[in-house]
Amino acid sequence: MEKFIKLIDESDIKVGLVGNPGGKTVMLPTAKETVYGQEAELLKQWGVDPELGKHFVEGLCDTFQVLYFDYEGHRLQHPNPENLTPENIVKDLLAIADKMNVKKFHYYGYSWLALVGLQLAIRTNRLESLIMGGFPPIDGPYQEMLAVTAKTYEQVLSHKNSPGSNEQQSPEQVDWDHVQVKIDENQTKQFFTMYKHLASFDDRAIQHLLTIPRLTFAGEKDTIVYGENFGNVTVDIAGIIQQNKQELESLGWDVEILKGEDMDHTKTMQPETVLPFIKTWLVKNSNGGR
């Protein structure tokens, strides 16, 4: 079943619900639309599965009901520059669950959609478990990402009237030290808004509110060094989680660092990498998915 659901900014997002009707429900806000042709080939060069959303849904729907949508893709098409706050994102996700008649659900998010899951967990009692991939549950790099998104927004504003190339490039062709951001200013401003509202968020102070099963994971090479254009900051996802592993486990988190020289931020979000252990963990923490 697929339907369009109106979010709090009046934009309509496509949402699907498929799978085992007797199983628990997993919310997947990371279910990107399948792309084809040249765009698909470029994604493959970047190590991205062009059927990422489809493969996640298919991989889970034999055991679980899967509530899936592409929240990031929707926000790129329908930016919410002034009001993409943690509170409003949570309202969006709960509105989706309400309209699809889903009362309780497990949640899997990756990168910024992982931190969204943490915000969801402290604002509602409807989560049955939480999986955060590619973003630490404690000592999250909120200040670093605020710096990155602020610099990105500044670049967009300063370059918006300058000529730019629309040519798509492979990773090997990109000069990361001199890359110019050429996207819509509202697209990037919304993420600056989000991180600005998270600037004073204390992720340690809320840990006592979390009583559901929860998993955090990252690839061992998930460290991104941003150059001068993006604030000269390092976002060391793997390092933060590894450093806090013992503390996280004492707080009740399951922690996984996925080993491999290629296990960076992109590789670790791909279905072939993450689906097997996510599904095993979900089954273990949802009474066999029923």
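No lab work stands behind these numbers, since they all come straight from the coordinates. What you see is a predicted model; the values in this text were computed from it and never measured. Cβ coordinates were reconstructed from backbone atoms using ideal geometry, including for glycine residues, and neighbour counts include every protein chain displayed.
Ignoring the sites themselves, the chain has its longest run without GluC sites (Glu not before Pro) in a DSSP loop having at most 14 other Cβ atoms within 10 Å at 168-260. As a size descriptor, the averaged projected area of the C-alpha convex hull of the stretch 1-73 was calculated at 5.6 nm².
The protection proxy used here, the mean number of other Cβ atoms lying within 10 Å of each residue, ranks peptides 88-98, 129-139 as follows, highest first: 129-139, 88-98.
Pair-distance distribution P(r) for the stretch 205-275, from all Cα-Cα distances in 5 Å bins starting at 0: 3, 16, 21, 20, 18, 14, 7, 2, 0 percent.
The alpha-carbon atoms of the chain, seen along their principal axes, cover 55, 42, 35 angstrom, with the largest extent given first. Ellipsoid fit via the Cα gyration tensor, the stretch 54-133: semi-axes of 20, 15, 13 Å, each the root of five times an eigenvalue, largest first. Could you tell me how far the Cα centroid of the stretch 182-247 sits from the Cα centroid of the stretch 42-114, in Å? Centre-to-centre (Cα) distance: 18 Å.
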